[in-house]
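No value in this document is a laboratory result; all are computed from the given coordinates. This is a predicted model, so every value here is computed, not measured. Note that each Cβ is placed from the backbone with ideal geometry, even for glycine, and that neighbours are counted across all protein chains shown.
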Amino acid sequence: MAARETAEPFDIVVVGAGASGAVIAARASEDPRRRVLLVDAGPDYPDTSTTPFDLVNSHNNSYTAHDWGFSHQPTAAGRGAPFPRGRVTGGSTAVNTTIALRGMPEDYDGWAARGNPEWAWERVLPAFRRLERDLDYGNAPYHGDAGPISIRRYRDDELTLVHQAFLEASRELGYPDCPDANDPASWGVGPHPMNKIGRLRISTAIGYLAAARARPNLTVQGDTTVRRVLIANGRATGVEVERGGTVETIAARLVVLSAGSIQSPTILMRSGIGKRAELEAYGIEVVRELPGVGSNLSDHPALAVLCRVKDPSILDADQPIVQTILRYTAPGSEYRNDLQIEAFSFSPRPGPLNCFALAAVLERVEGVGVLRLQSADPHVPPLIEQRFCEDDRDTKRLAACFRDTIAFTQTRAYRELIAEVLFPAPARSLSDDSVRDLLQRLSASGFHPSGTARMGPEGDPDAVTDQYGNVHGVPGLAVADASVMPTVPSANTNLTCIMIGEMVGEWLRTTPARYGL
């Protein structure tokens, strides 16, 4: 269909109003001289009083009402499964569990060591402090007390019985208390830091956009699908979008892709940027060959222990699903806090509400997967393959975490609650081969995809952007979201993605020449 062109170019078009994109649009529009357009494929709810309950309700995720409907293949031997991603202003921050956990300082220093010195821990810490309003530890030197994202932790008297028992069981097993999991030196068990106030989920749509919408130089436009980036003479000149069945072109001096680590690389590929053979297979003209697009998919593999309770009345689907966290280091590991164990107040599986789960999670991964196009059609989702536990280094550490998780079920604190362990079956062997088989068949995703357009110096053959997010060889085009992470951090990606938005948003505001503005 023919594309209709809009009028005067915007200075900046940000594609994707999620964890990074909403922040970038808000920060960049602080300069009144910049005309900024923020577009998202999902609906926009500018008035929090009319925001649907599934987006307000931080006690549990929104699973379907505002979802892209993606599926993925977590392991080669396992079955495909849904892969939830937020399709709404606020992105996945509007539908997630509100876990506000930072990565370890070593994660970001590792990014810097790969040729991205702007992302060293000492450089990103001010952005972490700037984004948060920590209601518990705001006076600590590594925290912020005036940012747009409110963060708090559940008090002991607010914990469900499952989480009270989790703390008691952790102490019984010898893990230390950790009142603030975002203390850079900390490890152990304690309440999860969460970006919520009461039941209200403090997404980037609420934390950042609610105030920024009053600016006349910022336009927020929902229900707008970006088909591709327009590139003329090697330079990005705008985007082709579909809205209400009509295809339009929007001109821009700079296009920033912040559509997430699934959508940003697929938009790049549909725009002719990626692996030559894959693009040509779908009839896409190659504009810039960058083999790293869609490669290096980094995520957190997990496997849960399922427990049936003696008294189902202690479980309630309206309880907060997550409240506590244990972070610790695998035996012999070079990576600090590379393992997590989390309790879930109840299991969301179909059937009677009579189970809770304890999840073993590998937070620092070596193995990577791949994301590929299935079609040049923007309405056809990509193929997502994590390839979990194909790297023996990952399998060994996650196996240790899984055994540690099973040990929780044998503590006094949990024996009082648990009628039986349903998975793994108590009669099942927990030999190395048996556990390896379980992990290679059943490992599930933490839904923290990263690295699919990773940053790095121009000499790095797999790098897609420089450390500021500029796409190598394509002026006027940047990527700023989880795609650019060289590795997934040792934590849920929620806060790190917001931090990326803070970093790039500030660069756009204070040093626009880096982006050709």
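Placing +1 on the Cβ of every Lys and Arg and -1 on the Cβ of every Asp and Glu, with nothing else charged, gives the stretch 74-194 a dipole about its Cα centre of roughly 700 debye. Taking amide H positions as modeled 1.01 Å from N, with prolines and chain starts lacking one, the residues under 5 Å from GLY90 and 5 or more places away or on another chain are ALA17, GLY18, ALA205. When the Cα convex hull of the chain is projected onto planes of every orientation, the mean area is 22.9 nm². Between ALA146 and ALA232, the contour length at 0.36 nm per residue exceeds the alpha carbon distance by 26.7 nm. Subtracting the Cα-Cα distance of ARG276 and ARG243 from 0.36 nm times their residue separation leaves 8.9 nm of extension gain. If the chain linking ARG33 and ALA425 were pulled fully straight, counting 0.36 nm for each residue of separation and taking away their Cα-Cα distance, it would gain 134.8 nm.
Amide H of HIS448: which non-local residues (sequence gap of 5 or more, or other chain) have their own amide H closer than 5 Å, using H built in the peptide plane? Sorted by chain and number, the residues that satisfy this are HIS300.
Label-to-label distance for ARG199 and GLU289 is 5.6 nm, based on points extended 7 Å past Cα in the beta-carbon direction.
Remark: VAL484, VAL239 ranked as VAL239, VAL484, counting other beta-carbon atoms within 10 Å and listing the fewest first.
Taking only DSSP H segments of four or more residues, each worth -39500 (n - 2.57), what value at 222 nm results for the chain once the sum is divided by all its residues, to the nearest 500 deg cm²/dmol? Value at 222 nm, helices only: -6000 deg cm²/dmol. Excluding same-chain neighbours fewer than eight residues apart, the aspartates and glutamates reachable from LYS310 by a Cα-Cα span under 20 Å are GLU168, ASP318, GLU416, GLU420. Along the stretch 80-85 the Karplus relation, 6.51 cos²θ - 1.76 cosθ + 1.60 evaluated at θ = phi - 60°, assigns HN-Hα couplings of x, 8, x, 10, x, 9 Hz to successive residues, with x for each Gly and Pro.
Neighbour counting of Cβ atoms within 10 Å sorts the residues ILE206, ILE498, ILE284, fewest neighbours leading, into ILE284, ILE206, ILE498.
Enter the angle in degrees (range 0 to 90, nearest 10) between the Cα long axis of helix 161-172 and the first principal axis of the Cα atoms of the chain, meaning the one along which they spread out most. Long axis of 161-172 versus the principal axis of the chain: about 70 degrees.
When each of ASP437, ASP157 is scored by the number of other beta-carbon atoms lying within 10 Å, the sequence from fewest to most is ASP157, ASP437. Between 0 and 90 degrees, the angle of helix 121-131 with respect to the longest Cα principal axis of the chain falls at about 90 degrees. Within the chain, DSSP assigns beta bridges of which about 70% are antiparallel (rounded to the nearest 5).
Rounded to the nearest 5, the antiparallel percentage of DSSP beta bridges internal to the stretch 1-141 is 50%. Between helix 392-408 and the chain there is an angle of about 40 degrees, using the helix long axis and the longest principal axis of the Cα atoms.
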